[in-house]
Amino acid sequence: MRLLSKPWVGVGVLLGLGAVLCLGISSRKQSAALTPLLEPLPQDPLIQVYFNHSQAAAYTEPYRQQERLGDDLEQVVVEAIATAQTSIDVASHEFRLPRIAQALREKQQAGVRVRVIVENEYRQPWTSLTPDQVAQLPERQQGKYLEAVQLADRNGDGQLSQSEIDQGDALVILQTGQIPLIDDTADGSKGSDLMHHKFVVIDRQRVLVASANLTTSDVHGDFASEESQGNANHLIAIANPDVAQLFAQEFEVMWGDGPGGNPDSLFGLKKPYRSPQTVTVAPGSTVTVQFSPTSPRLPWQQSANGLIGRALNTATRSADLALFVFSEQNLSNLLQTKHSQGVQIRALIDPGFAYRNYSEALDMMGISLADDRCRYEAENQPWTSAIATVGIPNLPEGDILHHKFGLVDGHLVITGSQNWSNAANEGNDENVLVIDNPTVAAHFEREFDRLYSTATLGVPTWLQGKVRERQTQCNL
């Protein structure tokens, strides 16, 4: 038996509390039936959209047994895996959901070829860490560790049996199923900036692309918070072999000849540059795909952020943004031009990033904030005509806005794994999709309106005070 309550500072106490909390959550079902469901929107037969905070669906979360609103993103992936006949390729920054791992193992045992790529930082099973290793984890990683062991601790007794580990640790499930797995050190390096993809390719005919990592935090909710419903995320299922083939090619570039072979995997800037490719999925429905990173030696317009910029530049009426991070100056400058042309701009940024000195939310609100070294962001350009339609969403405790989407003129959706930042554009393994489809766009419009209806907009008083304080301190 592996005890969860270990004698390292702080962590043992947290784990003990976590076990009690987990039991309390399991006994406290949130009745989704008390909240009237919205009428589901029509789905495009070839491009289907799911939101874990949807108000048009409900499910029983499988780990805490909570009845809650939302689409069960994990179940969508499990059902897609069940249809596989020949191959399943998974590229996921993090992988911690055991039901998906079990579904992959079953398909592997049935003769389907299964391959998995993860970020090297998340390659080791959490339940295999020693007390010394856990003690050395940064605070954020300790939280992930706690979440992983509580997920595996099915009976909530504060101990992990080998059986619980074998059934509850997703990476252990992959290992015991002998599923080939590599990370972004397979090219012989210390790893790319981030292997940040979140996609699954089925039989090279269908692809699932998400903003969500395959974790409880991104899909269902945090064990550490009763109110958590999961970080606000979405998943898109595209049934088109040409689109699937583009993602399959990206997977093959990263995979090389797989584990134990030559260091011929390519990650980060080692990958060849590929221009955006547009696929007509059906009459009046197109999907454009581009992968990152792009070398800074190439013109910005050729990058994935450049693709985002071209999509935003088509706006004639409106552009709505729901973003985890927004720090790409070129995109902010472009939106300022569109605003001056009469385009309505609305933006929601995660509270953890919205008010940082490099956030473009500040530019949009017309303010500048020097950092603690009295420096402004390079090329900082606050909007001369500031807008008050920028702010932060109000989400359940423990949850963050993890979307990376834009909606242009009610028909064009910008999405993918890529945060709207220079770091993602020039360093990470990412994907960006631009989907021109009004049926798909309607789903994103409903999600944005849901978030915006309770958002906190404009410059908060405390931030105004911080700007003045910094100006005084820095003699600016």
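Scanning the range 239-269 for residues that are acidic (Asp, Glu) and surrounded by fewer than 20 Cβ atoms within 10 Å (Cβ to Cβ), we see that the one that is nearest to Val90 (Cα to Cα) is Glu252.
For the range 148-165, the tally of residues that are part of a helix (DSSP H, G or I) and surrounded by 19 or more Cβ atoms within 10 Å (Cβ to Cβ) stands at 7. Name the residues in the range 297-335 that are farther than 16 Å from Phe448 by Cβ and among the aromatic types (Phe, Trp, Tyr), would you? If the condition is that a residue be farther than 16 Å from Phe448 by Cβ and among the aromatic types (Phe, Trp, Tyr), then Trp300 is the only one that fits.
Checking the range 166-178 against the condition returns no match, with no residue being outside any helix (DSSP H, G or I) and at pLDDT below 90. Is one or more of the residues making up the range 336-344 in the same structural domain as Thr185 (by TED's automatic domain parsing), surrounded by fewer than 20 Cβ atoms within 10 Å (Cβ to Cβ) and either assigned to a loop (DSSP other than H, G, I, E, B) or of a type in the set (Ser, Thr, Tyr) (or both)? There is no residue in the range 336-344 that is in the same structural domain as Thr185 (by TED's automatic domain parsing), surrounded by fewer than 20 Cβ atoms within 10 Å (Cβ to Cβ) and either assigned to a loop (DSSP other than H, G, I, E, B) or of a type in the set (Ser, Thr, Tyr) (or both).
Can you find, within the range 90-116, the residue that is nearest to the chain's Cα centre (by Cα) among those that are part of a strand (DSSP E or B), under 14 Å from Ala170 (Cβ atoms) and hydrophobic (A, V, I, L, M, F, W, C)?
Phe95
Filtering the range 166-183 down to residues that are of a type in the set (Asp, Glu) and buried (at least 16 other Cβ atoms within 10 Å of the Cβ), which residue is nearest to the chain's Cα centre (by Cα)? Per the criteria, the residue is Asp183. Among the residues of the range 193-216, is any in a helix (DSSP H, G or I) and either in contact with a Phe, Trp or Tyr (Cβ under 9 Å, 6 or more places away or on another chain) or outside the structural domain of Ala57 (by TED's automatic domain parsing) (or both)? Among the residues of the range 193-216, at least one is in a helix (DSSP H, G or I) and either in contact with a Phe, Trp or Tyr (Cβ under 9 Å, 6 or more places away or on another chain) or outside the structural domain of Ala57 (by TED's automatic domain parsing) (or both), which makes the answer yes.
In the set (1) at pLDDT below 95; (2) assigned to a helix (DSSP H, G or I), the condition left unmet by Leu137 is number (2). Leu46 meets the stated requirement of being surrounded by 13 or more Cβ atoms within 10 Å (Cβ to Cβ), touching a strand residue (DSSP E or B) at 6+ places or on another chain (Cβ under 7 Å) and either at pLDDT 50 or above or among the aromatic types (Phe, Trp, Tyr) (or both). Looking only at residues of the range 270-308 that are in a strand (DSSP E or B) and of a type in the set (Gly, Ala, Ser), we find that the one that is surrounded by the most Cβ atoms within 10 Å (Cβ to Cβ) is Ser292. For the range 411-430, the tally of residues that are over 16 Å from Glu328 (Cβ atoms) and touching a residue at least 40 places away in the same chain (Cβ under 8 Å) stands at 2. Yes or no: Met195 of a type in the set (A, V, I, L, M), within 14 Å of Ser417 (Cα to Cα) and either surrounded by 24 or more Cβ atoms within 10 Å (Cβ to Cβ) or modelled with pLDDT under 95 (or both)? Spelling it out, Met195 is indeed of a type in the set (A, V, I, L, M), within 14 Å of Ser417 (Cα to Cα) and either surrounded by 24 or more Cβ atoms within 10 Å (Cβ to Cβ) or modelled with pLDDT under 95 (or both). Look at the range 193-218: where a residue is closer than 17 Å to Leu401 by Cα and a partner is at pLDDT below 95 and not in a loop (DSSP other than H, G, I, E, B), sitting 6+ places away or on another chain with Cβ atoms under 7 Å, you get Thr216/Glu147; Thr216/Leu151; Ser217/Glu147.
The values are calculated or read from the model by the stated rules, or taken from the named source; none is laboratory data. Predicted model, so just to flag it, every value in this text is computed and none were measured. As a convention, Cβ positions derive from the backbone with ideal geometry for all residues, glycine included, and neighbour counts pool all protein chains shown.
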